[in-house]
Structure formats: C-alpha cells, structure tokens
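Working notes for the structure below.
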Amino acid sequence: MVVQENKRSAAGAIIIEVNGWVWLAHPTNQFAGYEATFPKGTVDQEYSLRATAIKECYEETGLQIRLFAWLGDFHRSASFTRMYLAERIGGHPADMGWETQAVSLVPPGHLLTVANSRWDQPVINAILNFLSKRGAT
C-alpha cells in the first residue's frame, strides 16, 4: 500500500454476519465527527495491516474476527486505509473499549443513513457491491 506523504497508513475491517448485516462502532463523543463508522485505526510500527485491523475491531467493537478478503484501500480525512472483510468468530459488544460508546448491527440497506460520513460512502458502496454479488442484500 502506497500512502500519500501527508497521510498515515491505517487498517480496519467490515464485520459481516451470515445474513449480510454489518457491525458499526459509534465513537465516544462522536470523535472526529463520526456518529457511526467501521472499526479502524492507524498502524503502529510493530503491527502489520492485517494485525491492525484485527486489533482495532476488538478494541472498538469487542468482537473477535477472522479476515477473509481485502475490500479495498480508501482515502480518508487523515489516513489511507486498507479495509478488509471479516466474520465474527467470538467476543461480545459489551467488551468494547473506551473509544466506543455503542456498537450496532445494521442491515446493508441502512448503512448509508447510519454511517453517514462522506468518508464512509466509498466503503459502503464497495460493501454493497460485494454483498450483491454474494446475494446477501
């Protein structure tokens, strides 16, 4: 992944249930202007992109995940973020960290209204494209 000079590298995951519903994190005090968004975070030197995605998902949602595919690389306000597709394999939303005030499970058709940041729109479009090919929307 090639990151622009003025942006940080980040990684996260879209956690999809078998029925196509997607987990979202609601940042504490709407941090960075997000009411709800996908779990993600900047990469620390000791972590790979994949390890960062797994770590951030657990910290922000309390869910343990398995990454199963690469969704894409996306320009965000302060980062260039690699997003993976993941399935939940354990954990519980009650185990979310202090960065998150709530975790919600959202049907695909409502993602654009719940995760309403302009930075999330390209990610949501990619998710909906993936789910439509899988027949889950």
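What follows is calculated from the coordinates using simple rules that are stated; it is not laboratory data. Computed from a predicted structure; not experimentally measured. Every residue, glycine among them, receives a Cβ derived from its backbone with ideal geometry; neighbour counts consider all protein chains shown.
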Nonlocal amide H pairs with GLN101, under 5 Å, H built at 1.01 Å: HIS26, THR28
If you stretched the chain out fully between LEU105 and ASP73, how much longer would it get, using 0.36 nm times the residue separation minus the C-alpha to C-alpha distance? 9.2 nm
Just to check I understand the Karplus step: with θ = phi - 60° and J = 6.51 cos²θ - 1.76 cosθ + 1.60, what whole-Hz values come out for the range 49-62, glycine and proline as x? 4, 5, 5, 4, 4, 5, 4, 5, 4, 5, 4, 8, 10, x
Mean-square fluctuation check for the chain, GNM, Cα pairs under 10 Å: which of TYR84, TYR58, TYR47 is largest? TYR47
Let me understand the chain better: what is its radius of gyration from the alpha carbons, and its Dmax, in angstrom? 13.6, 39
When the helix-only estimate is applied to the chain (DSSP H runs of n ≥ 4, each -39,500 (n - 2.57), divided by the residue count), what is the mean residue ellipticity at 222 nm, nearest 500 deg cm²/dmol? -6500 deg cm²/dmol
Taking a straight Cα-to-Cα line shorter than 27 Å from LYS55, and setting aside same-chain lysines fewer than 8 residues away, one finds LYS7, LYS40
Would you mind calculating the gained length between ALA126 and ASN6 on full extension (0.36 nm times residue separation, minus the Cα-Cα distance), in nm to one decimal? 40.7 nm
Burial order of peptide ranges 63-72, 85-94 (average beta-carbon count within 10 Å, highest first): 63-72, 85-94
Considering Cα pairs under 8 angstrom that are at least six residues apart, work out the relative contact order of the chain and quote it in whole percent. 31
